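The values are calculated or read from the model by the stated rules, or taken from the named source; none is laboratory data. Everything numeric in this text was worked out from a predicted model, so none of it was measured. For neighbour counting, all protein chains shown are included, and Cβ atoms are generated from backbone atoms with ideal geometry for every residue, glycine included. These accessible areas exclude ligands, DNA and RNA; they are computed on the full protein's heavy atoms, side chains included. Shrake-Rupley method; radii C 1.70, N 1.55, O 1.52, S 1.80 Å.
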Amino acid sequence: MKPRFDTFDIICSLLELQKLVGMRLNQVYDIDNKTYLLRFQRGEEKCVLLLESGTRFHITQFEWPKNDSPSGFSMKLRKHLRNKRLEAVHQLGVDRIVSFQFGTGEAAYYVILELYDRGNILLADKDHVILNILRYHVHGEDARFAVREKYPLNLAKQRSDLPTEDKLREILRNKDGENLKKVLNPHFEYGPTILEHVLLEVNLAGNMKVGKTFIIDQHLPQLLEAFSAAERLINEAIKSPAKGYIIQKKEERASGEGPLYTYQAFHPSVGAEKTVARQHAAQDVRWFDGFNPAVDEYFSSLETQKIDLKAVQQERDALRKLQNVQRDHDERVSALEKVQLDDKLRGELITRNQAIVDAAIMFIRRCIAAQLSWDDIGNYIKEAAAQNDPIALLIKDLKLNINHITLLLSDPYAEEEEENSLKPMLVDIDLDLSAFANAKKYFDAKRSAAKKQQKTIESVGKALKSAEKKTKQALKEVQTTTNIIKARKVFWFEKFFWFISSENYLVVAGRDQIQNEIIVKRYLRENDIYVHADISGASSVVIKNPTSDPVPPKTLNEAGVMAVCYSVAWDAKVLTGAYWVNANQVSKTAPTGEYLTTGSFMIRGKKNYLLPAQLAMGFSFLFKLEESSVSRHKDERKVRQNDELEPIKEEEKDVEMELELSDNEPTSENIDEEKKEELIEFPDTELQIQHSGLNKVSVKLKNTTLTTKEDGGDESSDDEDSDSDKDEQVVYLGDNEPVILKPSSKKSNSAAASQTKSSQPQKMQAEKDKETKPVPQIKRGQRSKMKKIKEKYKDQDEEERKLKMLILQSAGTKKETKKDKKKNKDGRSNRPKTDEVKPKPVPKVAVKRDGDEEEEEVAVNDDVNMLCSLTGQPHPEDELLFAIPVIAPYAAVSNYKYKVKLTPGTGKRGKAANTALALFLKDKLGTPREKECLKSVKSQDLAKNIPGKVKVSAPNIHKHR
């Protein structure tokens with residue numbers, strides 16, 4: 001396989017690149033840390049140039065996957081080169097170095113691509129002073145390749161005259177026994193392809209050995225002629241564009257679908273016409289109109305051909321298994337046939353030598369009866385054989401440990417019946433049996449082997465049919481899996497933690513601090529919501545909102561679960577809460593005198609806190625639907641309205657409670673008179689908190705049976721006032737001070753009397769919210785859950801709260817200053833208005849924003865619209881393209897066809913993912929296509945989004961562990 005461009009390739013490619021001269025550079029992208037795309041434009045004409053450090057450069061027509069975020073080198077190129085015209089592109093001398101000039105005069109910049117050694121790409125100014133470089137290194141003592149150093153143009157090799165006879169003799173001196181091409185190649189810049197081609201043209205071979213098959217005095221004139229031909233080819237390539245061709249290798253498919261052609265190397269034609277190098281004359285080649293299209297096709301098809309080659313190998317393995325089954329059965333039948341033949345021969349020989357066999361048996365029996373040792377018996381037989389005793393001569397071995405002897409029997413009628421005579425053979429004789437009984441034993445064994453052979457032959461047909469069926473199924477699965485892998489599209493959000501909420505909102509979160517920075521800077525838009533766990537080191541979560549409508553509470557809650565699970569709370573198994581803010585409240589600007597590390601942001605304004613989330617995630621799969629199947633899944637994930645929910649039973653009454661802040665409780669922030677009412681919802685427990693002034697909020701617990709008294713309307717106001725102190729509860733909502741919880745009934749006169757004028761708008765708003773907002777049916781176990789919560793926090797004191805908040809690393813009371821105390825007396829908040837979201841400390845990494853805002857925005861919106869083509873509930877008649885593993889809050893995947901529950905545990909992520917996949921594949925309700933899509937998912941993609949060590953829960957999962 002050809003690894004990189006040589007000099008001849010560079011010359012041919014540069015001639016085709018001259019059409020880019022005069023075009024303006026529109027944008028720069030990076031595929032990886034050494035491959036970059038330069039997009040040029042001139043009017044309606046567009047071209048994309050691909051540069052790979054140390055390997056290649058060419059115009060490409062294919063779509064290449066761009067990097068998650070532009071690298072620092074890409075940003076430097078964009079800063080200096082965008083909208084500049086490409087003025088010139090040329091090779092430095094005859095070295096494998098290409099220079100691209102952008103702009104002229106004082107505004108000139110150079111991009112220098114090195115294609116030798118480990119490769120390099122540099123950006124230099126008009127004086128060739130390096131502004132940025134991919135790889136810093138030192139060449140010798142004088143040349144330093146680093147920023148602010150001048151690029152050493154004088155180091156490039158220059159084209160020299162034709163080599164003389166004396167120069168060639170000097171090169172070949174003391175190289176006896178070495179390969180001719182390897183000796184010459186480092187001294188000339190023609191490249192190995194052209195060098196071998198011209199050697200073959202003068203009847204020399206590149207693998208000739210210097211001093212042996214290549215005689216200097218004899219072959220030197222031919223070598224000089226070869227270098228003259230090489231110079232002619234170089235001159236012709238500089239003037240005339242060359243064609244391009246790819247060497248192909250034919251791979252036969254076991255499935256019989258026709259051969260697969262894999263690309264082995266790319267080359268320009270040697271001459272303007274379609275002429276291959278002489279060493280490639282016998283190989284299968286594919287021609288292209290130019291050298292650039294050939295290189296583009298070669299590199300763009302590498303990944304696909306790897307998949308095809310893997311499929312071919314799997315097909316061969318499947319057929320090899322079938323052949324092994326066939327060979328095994330053939331060997332077993334042959335062995336049984338041989339056993340039958342041998343047993344028949346032994347029985348026949350014993351029958352024809354019955355008298356002498358009986359005599360040998362009696363002889364050994366007498367020796368044993370005389371109490372001779374086994375060694376003495378052996379010595380006695382040897383002495384008798386020396387005296388030509390006929391019985392002793394027949395005995396060839398004593399196996400007295402098993403009560404057997406071995407006799408060499410021959411056919412006594414061999415001379416009379418030459419055609420039917422039996423060959424001499426060693427026969428084991430059982431001393432417990434007579435000669436006739438021994439013969440019968442061998443004949444019985446022969447009949448038993450014949451029956452076994454018949455059964456084996458009968459079973460062979462069934463086994464082969466089963467093996468053929470399995471082989472065909474394996475071949476079909478290989479082909480299907482290959483097609484699924486080729487059709488697989490990687491969405492932009494898959495590089496992050498992600499899931500689709502139960503109401504069809506895309507939610508993404510950063511894997512580390514750098515991705516947190518990228519998510520907020522590149523993907524957080526005006527209508528989006530930012531969610532963060534109230535704990536150190538949590539991921540930044542963004543809910544993508546394609547409309548201006550508010551994000552529903554259920555989606556907010558699911559995003560909160562995600563934020564908590566992708567934090568230290570998972571491994572610590574600690575329950576904590578999360579909060580959400582609007583996109584315009586998140587800023588990278590730090591307060592004066594402060595510095596924000598990578599992945600840290602300032603949150604300005606009010607935080608909307610969510611209740612502590614359960615540490616429960618779900619592992620599932622989403623299936624990509626073909627366009628025609630999308631309509632079947634319309635409104636599969638949508639916001640449910642009131643009329644879509646089941647009515648609430650009459651006995652499940654709502655209970656309203658009133659929360660009063662203690663006298664010394666500072667409010668979370670200063671509340672304007674115009675915005676006295678703010679409603680915070682906690683969807684999981686149907687808790688609503690309503691601010692009413694500086695020190696009072698109204699709390700409503702929906703769908704619960706918690707009541708202070710069943711007949712609250714009949715009680716007097718005096719009795720209620722006297723009991724109010726007894727029923728008071730202290731609840732901590734994550735702030736530094738307690739909140740006093742006082743139960744009150746809708747029919748309570750004392751509660752009505754305690755309402756102030758400022759609370760009247762809240763009542764109206766609450767009634768309005770009650771009418772407009774959906775009221776879901778009470779969930780199973782929720783009633784007892786609420787009672788447990790009430791009981792759990794009833795007796796919580798300040799010390800206990802501090803200890804729990806320290807564990808969560810989200811609280812800690814500081815000593816109040818005189819200024820803070822004064823503010824508290826005035827009823828103003830001592831909490832700073834601006835909070836910093838801090839991740840775990842990491843080395844500082846500079847991440848800069850992508851300049852191509854418009855294209856990214858379009859791409860993001862397009863992918864958000866594609867969410868409807870992803871379903872977790874496939875129908876049997878759906879046409880499925882591929883499957884994507886998804887890790888999401890369990891509530892978001894509760895309706896999916898394939899799902900398991902993940903909770904903090906001790907199991908490894910990979911093992912948990914494989915266990916879940918095995919469970920899904922054994923699901924009897926799964927269709928073959930669904931299981932094929934599941935099998936095609938790469939193993940490295942299965943577990944990469946699992947939060948940490950886990951416990952997998954699902955019905956009957958113990959059967960599949």
Checklist entry - Per residue, how much accessible area does the range 557-628 show when a 1.4 Å probe rolls over the protein heavy atoms, in square angstrom? => result 36 Å²
Checklist entry - Just for the Cα atoms in the range 135-281, what are the lengths along the principal axes, largest first, rounded to whole Å? => result 61, 51, 33
Checklist outcome for this item: hull vol. (C-alpha, convex hull) per residue for the range 225-321, Å³ -> 111 Å³
Next on the checklist: 7 Å from Cα along Cα→Cβ at both Val333 and Glu87: what's the point-to-point distance in nm?
Outcome noted: 8.2 nm
Checklist entry - Cβ under 9 Å from Arg278's Cβ, Arg278 left aside: what net charge do those residues give with Lys, Arg +1 and Asp, Glu -1? => result -2
Checklist entry - Of the lysine pairs in the range 1-121, how many meet both conditions: Cα atoms under 17 Å apart, and a spacing of 8 or more in sequence or different chains? => result 7
Checklist entry - Which of the GluC sites (Glu not before Pro) found in the range 878-961 are loop residues per DSSP with 15 or fewer other Cβ atoms within 10 Å of their Cβ? => result Glu879
Checklist entry - Hey, with R₀ at 45 Å, roughly what FRET efficiency would Asp176 and Ser301 work out to, going by the Cβ-Cβ distance, to 0.05? => result 0.55
Next on the checklist: Probe of 1.4 angstrom, ligands and nucleic acids ignored: what's the accessible area per residue over the range 308-406, in square angstrom?
Outcome noted: 61 Å²
Item to check | Net charge contributed by nearby residues that have their C-beta within less than 14 Å of Ser53 (K/R +1, D/E -1) | outcome: +1
Item to check | the range 4-107, accessible area per residue, ligands and nucleic acids excluded (1.4 Å, Å²) | outcome: 40 Å²
Checklist outcome for this item: Quick calc, Ser421 & Ala369: beta-carbon distance into FRET formula, R0 51 Å, rounding 0.05, result 0.90
Checklist entry - Does the range 1-139 come out rounded, prolate or oblate by the C-alpha gyration tensor, with a ≥ b ≥ c the root eigenvalues, rounded set by a/c under 1.5 and, if not, prolate when a/b is larger than b/c and oblate if not? => result rounded
Checklist outcome for this item: Counting only DSSP loop positions in the range 5-75, the GluC sites (Glu not before Pro) whose Cβ has at most 10 other Cβ atoms within 10 Å are Glu44, Glu63
Item to check | Dipole magnitude (debye, nearest 20) for the range 139-226, charges at Cβ of Lys, Arg, Asp, Glu | outcome: 320 debye
Checklist outcome for this item: Expressed as a percent, the accessible surface of the range 107-253 that is carbon or sulfur, using a 1.4 Å probe and the full set of protein chains, is 45 percent
Next on the checklist: Taking a virtual spin label 7 Å from the Cα of Ala572 along the C-beta vector, which residues in the range 512-539 bring their backbone nitrogen under 15 Å of it?
Outcome noted: 533-539
